[in-house]
Amino acid sequence: MNILSIKIKDDKTKFLPGEDIQCEVIWDLQKLPKTITVNLFWFTEGQGNPDSEIVRSIELDASGLSGRQWFRLALPVAPYSFTGSLISLSWAVEVVAPPAAERGIYKFSMSPLDNPAVLKAIEAPLPGVLKFLSRFKGIKQMPGGQ
Amino acid sequence: MSIMLQNRNNCGGVPNKIGASLFLLVFALSGMFFMGIMAYSFYQGAAAGSWVETPCRITAGEIVYPQRSGSKYSYKVAYRYVYSGRNYSATRLSFNTQGSEYKKVLKLSQDYAPGMDVKCYVNPSNPSDAVLVRKVDFKLLPFMFIPLIFVAIGFGGIYLTWRKKKQAEAAVDSAVAAPLPPSPLKSARAGRYGLCVFFGIFLLVGVFAGYFMFLKPVFKIWLSSSWPQVPCVIESSRMTESSDSDGTTYGVEVIYRYQYQGTAYVGDKYDFISGTSSGHEAKARIVRNYSPGQKTFCYVNPANPDDAVLSRTFRSELWLGLIPGAFALVGFIGITGALRFGRKRKVHVYEQPPGSGLNYAGGFDGIGENVLKPVTTPLKSLFGTIFVAVFWNGIVSIFVYQDLIKGTNSLMKFGVSLFMIPFILVGLLLIGLVLHTLLQLFNPRPVVKLDPVSPALGGRVSLSWEIPGYRSLTRLEIKLEGSEEVKFKSGDSGGTAKKLFEQISIVDTEDTREIAAGNATFTIPAESMHSFDADSNKIIWRLKLKGRKKLLPALSYEYAVNVMPGGKF
């Protein structure tokens, strides 16, 4: 069985924009990997179709079937992690070692605040026609949406 | 913290997939069926190429005149031949047994007249099977690709439906089922090409139909203005019909004889409009004007005297030929838009330029000019609404004209009227929208400045405005709003959703001096989120300016504001 994992020093899960992260990759594979690649990426979760983007990739020196390696990655300045009513954005580093199907992933947040911003839905004003109708039908404010 | 990310390739359940597969299978099978028929027809013609050429004599031949207004002319023929010492007789003219126009059938009757010795082609494996004409119909070949599209969509769709499932299962099986981040550049390119293909079909159909329905006849009318006028005798005149689920359309067929430079010719074209269209009465009038034996004049093409028409005037129904132009325009605008969208699309490289901890490169447009540009202008909105209104009402008016005004069946008229009501109402609403947008052209144009033009989270912002012609305004409101906006797919359908998370009221005044011009400062909360623009998920900040007027419509402008990441780190 293949073992492929990635972890961050001190199991830290919160980072500031632009901060360096120190990661360790551990692998023990049955077949010699073509490459061992670490990707730093952000991704979205929530109601929308998922978006994601790799912002940095590095290739490790994979000379054996097993090994471990420490390395540093500099985080970019944005996008920040946040949690909204529709979207949540997080960051992660992953390690892949084809042809092995497994991959190791470590998720974290990146924000200048102590915790990622929480965007709460606020009352949105009703469009003109609905505002007029609300006088008769008791239509209430739309929660956040329009 | 090693985590397992949720698999995001949610492809729906197996029953959904089976349902989708069955639907797609019907698609593919129908395509295969029609392609099979066409291929067999083509194969028959091609196979006759190896049949043995044999002398034969025509024993009988007559032109079969159409029994109904919807049918065509055909040539009924019989012939005898000797093959391997045995006598045979046959009646097949060619593999294409469908009827044709009078002139073509007349030519066949001259080429294969009774008593003539001609060549026929005998099937060596079945000598009783023969044809007189063994022309391979290559015109059929391009049309074989049409059902092929159905086959490709059907089987391609089934493959994609089940392939996704396989990927999802593989992901679940793996120890860490994390999604591979998609390649945004690749997906953008694919989406752009997909849009180009979609709108390309509109463009092709529009150009193709527009050429045959409008450009070609108009060009020939113009060319024929120099054709000589010669006497001709009407042999027959009739209305042709073509019926389908959309109703019946009519055409005019007049057959006449004329002489040009000592040679006799037969003509069957009334004018340069081919095919059939609605309008029974107009065609009936033409047919009544040309009775058999009547002497009149026709116009002969001096370069090809076989080409002649009775009328070279511009018929009003030619204007209908401009409708495909709308399709071509939609296609052209769509392709241009798709290509422009692709070029403008930003790649989000959130890199930190050296020596700067705060700059936000790549994701946003240039900084410097602090006069905000509105997301849309009244003129752009006017063009947009006019285009949509013309397109919608153009199509609706065809049905109204054809089925309600020209239609003869009162029951059908009633049914169509009921069906058309919502479409007509939408058309009227669009016309109202055009008028509303037109009036907005006369509204004052505010000038709004933001300093800095791309403020950062937690930053202080200075806003100034000036509204020339403000006197008609009774109240002015300016707000900054932040919203989450997503595109989502659910099953076979999709949609968009939007939630406001921030609303900062900057100005709300009824003071005419403040309405005319002013400035204000405000702070963007540091605990909020900066602008973010991915394919399906966006954080959008907008400055909204609304001016209430005594007379409608109100002044309403929106400006996109790029809120930058904050600098407190």
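The values are calculated or read from the model by the stated rules, or taken from the named source; none is laboratory data. The model shown is predicted, which means the values in this text are computed figures rather than measured ones. Here the Cβ positions follow ideal geometry from the backbone for every residue, glycine too, while neighbour counts run over all protein chains shown. Side chains included, ligands, DNA and RNA excluded: accessible areas come from the protein's heavy atoms. Shrake-Rupley method; radii C 1.70, N 1.55, O 1.52, S 1.80 Å.
Which of the numbered conditions does A:Asp61 fail, given that it passes all the others? Conditions: (1) surrounded by fewer than 15 Cβ atoms within 10 Å (Cβ to Cβ); (2) within 12 Å of chain B (Cβ to nearest Cβ); (3) not hydroxyl-bearing (Ser, Thr, Tyr).
(2)
Taking segment B:240-290, which residues are outside any loop (DSSP other than H, G, I, E, B), closer than 28 Å to B:Lys107 by Cα and of a type in the set (Asp, Glu)?
Within segment B:240-290, B:Glu241, B:Glu253 meet the criteria.
Select from segment A:75-87 the residues that are assigned to a strand (DSSP E or B) and at the interface with chain B (Cβ under 9 Å from one of its Cβ atoms) and list them in ascending order.
Here is the first cut: in segment A:75-87, the residues assigned to a strand (DSSP E or B) are A:82-83, A:87.
A:Phe82, A:Ile87 - these are the residues of segment A:75-87 that are assigned to a strand (DSSP E or B) and at the interface with chain B (Cβ under 9 Å from one of its Cβ atoms).
Kindly provide the set of residues from segment B:31-90 that are in contact with a Leu (Cβ under 8 Å, 6 or more places away or on another chain), closer than 16 Å to B:Arg134 by Cα, open to solvent by 40 Å² or more (accessible area, probe 1.4 Å) and of a type outside the set (Ser, Thr, Tyr), ordered by number.
Within segment B:31-90, just B:Phe42 meets the criteria.
Would you say B:Ser237 is in contact with a helix residue (DSSP H, G or I) (Cβ under 8 Å, 6 or more places away or on another chain) and open to solvent by 20 Å² or more (accessible area, probe 1.4 Å)?
For B:Ser237, the condition - in contact with a helix residue (DSSP H, G or I) (Cβ under 8 Å, 6 or more places away or on another chain) and open to solvent by 20 Å² or more (accessible area, probe 1.4 Å) - is met.
Restricting attention to segment A:14-37, which residues are part of a loop (DSSP other than H, G, I, E, B) and either farther than 17 Å from A:Val95 by Cα or free of Cβ contacts under 8 Å to residues at least 12 places away in the same chain (or both)? Write out each step before concluding.
Going residue by residue through segment A:14-37, those that are part of a loop (DSSP other than H, G, I, E, B) are A:16-19, A:29-35.
Within segment A:14-37, A:Leu16, A:Pro17, A:Gly18, A:Glu19 qualify.
Within segment A:28-58, restricting attention to residues that are more than 7 Å from chain B (Cβ to nearest Cβ) and aliphatic (A, V, I, L, M), which residue is nearest to the chain's Cα centre (by Cα)?
A:Leu40
Determine which single condition A:Ser109 fails, assuming it passes every other condition in (1) among the hydroxyl-bearing types (Ser, Thr, Tyr); (2) closer than 20 Å to A:Val55 by Cβ; (3) at the interface with chain B (Cβ under 7 Å from one of its Cβ atoms).
For A:Ser109, the failing item is (3).
Just one of the numbered conditions (1) open to solvent by less than 80 Å² (accessible area, probe 1.4 Å); (2) out of contact with any strand residue (DSSP E or B) (no Cβ under 8 Å at 6 or more places or on another chain); (3) at pLDDT 75 or above is not true of B:Gly458; which one?
Just one mismatch for B:Gly458, condition (2).
Hey, could you check segment B:219-239 for residues that are over 35 Å from the mean Cα position of the chain (by Cα) and β-branched (Val, Ile, Thr) and say which is farthest from B:Val105 (Cα to Cα)?
At the first step, the residues of segment B:219-239 found to be over 35 Å from the mean Cα position of the chain (by Cα) are B:226-237.
Add one more test, that the residue is β-branched (Val, Ile, Thr), and what stays is B:230, B:233-234.
Numbers: B:Val230: 24, B:Val233: 19, B:Ile234: 18 Å.
It comes out as B:Val230.
Would a scan of segment B:540-561 turn up a residue that is more than 30 Å from B:Lys17 (Cα to Cα), at pLDDT 90 or above, within 12 Å of chain A (Cβ to nearest Cβ) and surrounded by fewer than 13 Cβ atoms within 10 Å (Cβ to Cβ)?
No: segment B:540-561 contains no residue that is more than 30 Å from B:Lys17 (Cα to Cα), at pLDDT 90 or above, within 12 Å of chain A (Cβ to nearest Cβ) and surrounded by fewer than 13 Cβ atoms within 10 Å (Cβ to Cβ).
When you look at B:Ala28, is it open to solvent by less than 80 Å² (accessible area, probe 1.4 Å), modelled with pLDDT of 80 or more and farther than 30 Å from B:Gly494 by Cβ, yes or no?
Working: open to solvent by less than 80 Å² (accessible area, probe 1.4 Å): yes; modelled with pLDDT of 80 or more: yes; farther than 30 Å from B:Gly494 by Cβ: no.
Considered against the rule, which asks whether it is open to solvent by less than 80 Å² (accessible area, probe 1.4 Å), modelled with pLDDT of 80 or more and farther than 30 Å from B:Gly494 by Cβ, B:Ala28 comes out as no.
Yes or no: segment B:461-470 includes at least one residue that is within 14 Å of chain A (Cβ to nearest Cβ), over 22 Å from A:Ala121 (Cα atoms) and either modelled with pLDDT under 90 or not in a strand (DSSP E or B) (or both). Please lay out each step first, then the result.
So the first thing to find is which residues in segment B:461-470 are within 14 Å of chain A (Cβ to nearest Cβ), and the list is none.
No, because not a single residue in segment B:461-470 is within 14 Å of chain A (Cβ to nearest Cβ), over 22 Å from A:Ala121 (Cα atoms) and either modelled with pLDDT under 90 or not in a strand (DSSP E or B) (or both).
Quick check on B:Val486: is it farther than 23 Å from A:Gln47 by Cα and surrounded by 17 or more Cβ atoms within 10 Å (Cβ to Cβ)?
Working: farther than 23 Å from A:Gln47 by Cα: no; surrounded by 17 or more Cβ atoms within 10 Å (Cβ to Cβ): yes.
Against the criterion (farther than 23 Å from A:Gln47 by Cα and surrounded by 17 or more Cβ atoms within 10 Å (Cβ to Cβ)), B:Val486 does not qualify.
Among B:Pro228, B:Pro217, which is the only one that is in contact (Cβ under 8 Å) with a residue 24 or more places away in the chain and out of contact with any helix residue (DSSP H, G or I) (no Cβ under 7 Å at 6 or more places or on another chain)?
Working: B:Pro217 fails: out of contact with any helix residue (DSSP H, G or I) (no Cβ under 7 Å at 6 or more places or on another chain).
On inspection, the qualifying residue turns out to be B:Pro228.
Scan B:Tyr250, B:Tyr211, B:Tyr290 and give me the residue that is of a type in the set (Phe, Trp, Tyr) and closer than 30 Å to B:Thr336 by Cα. Working first, answer last.
Values: B:Tyr250 fails: closer than 30 Å to B:Thr336 by Cα; B:Tyr290 fails: closer than 30 Å to B:Thr336 by Cα.
The unique qualifying residue is B:Tyr211.
Name the one entry in A:Arg103, A:Arg72, A:Arg68 that is out of contact with any Gly (no Cβ under 9 Å at 6 or more places or on another chain), within 9 Å of chain B (Cβ to nearest Cβ) and not aromatic (Phe, Trp, Tyr). Write out each step before concluding.
Working: A:Arg72 fails: within 9 Å of chain B (Cβ to nearest Cβ); A:Arg68 fails: within 9 Å of chain B (Cβ to nearest Cβ).
Testing whether each residue is out of contact with any Gly (no Cβ under 9 Å at 6 or more places or on another chain), within 9 Å of chain B (Cβ to nearest Cβ) and not aromatic (Phe, Trp, Tyr) leaves just A:Arg103.
Of the residues that make up segment B:316-331, is at least one within 18 Å of B:Glu101 (Cβ to Cβ) and in contact with a Ser or Thr (Cβ under 7 Å, 6 or more places away or on another chain)? Steps first, answer last, please.
Taking segment B:316-331 as the starting set, the residues that turn out to be within 18 Å of B:Glu101 (Cβ to Cβ) are none.
Taking every residue of segment B:316-331 in turn, none turns out to be within 18 Å of B:Glu101 (Cβ to Cβ) and in contact with a Ser or Thr (Cβ under 7 Å, 6 or more places away or on another chain).
May I ask you to say which residue of B:Leu329, B:Leu310, B:Leu358, B:Leu318 is modelled with pLDDT of 75 or more and open to solvent by 70 Å² or more (accessible area, probe 1.4 Å)? Before the answer, list the steps.
Details: B:Leu310 fails: open to solvent by 70 Å² or more (accessible area, probe 1.4 Å); B:Leu358 fails: modelled with pLDDT of 75 or more; B:Leu318 fails: open to solvent by 70 Å² or more (accessible area, probe 1.4 Å).
Exactly one residue qualifies, and that residue is B:Leu329.
Anything in segment A:88-122 that is assigned to a strand (DSSP E or B), of a type outside the set (S, T, N, Q) and more than 19 Å from A:Phe71 (Cβ to Cβ)? List them, or say none.
First, the residues of segment A:88-122 that are assigned to a strand (DSSP E or B): A:88-96, A:103-110, A:117-118.
Imposing the further condition that a residue be of a type outside the set (S, T, N, Q) reduces the set to A:89, A:91-96, A:103-108, A:110, A:117-118.
The answer is A:Leu89, A:Ala117, A:Val118.
Take residues that are touching a residue at least 24 places away in the same chain (Cβ under 8 Å) and of a type outside the set (Gly, Ala, Ser) and tell me which of the strands (runs of 3 or more DSSP E) falling wholly in segment B:15-121 contain 3 or more. Walk me through it before giving the result.
Details: elements: B:52-64, B:74-83, B:86-90.
Passing ranges, in order: B:52-64, B:74-83.
Considering only residues of segment B:526-539 that are open to solvent by 30 Å² or more (accessible area, probe 1.4 Å) and touching a strand residue (DSSP E or B) at 6+ places or on another chain (Cβ under 7 Å), which is nearest to A:Phe43 (Cα to Cα)?
The residue in question is B:Lys538.
Give just the number: which of (1) in contact (Cβ under 8 Å) with a residue 60 or more places away in the chain; (2) within 13 Å of the chain's Cα centre (by Cα); (3) surrounded by 17 or more Cβ atoms within 10 Å (Cβ to Cβ); (4) within 21 Å of B:Phe532 (Cβ to Cβ) does A:Val77 not satisfy?
With (1) in contact (Cβ under 8 Å) with a residue 60 or more places away in the chain; (2) within 13 Å of the chain's Cα centre (by Cα); (3) surrounded by 17 or more Cβ atoms within 10 Å (Cβ to Cβ); (4) within 21 Å of B:Phe532 (Cβ to Cβ) applied to A:Val77, the lone miss is (2).
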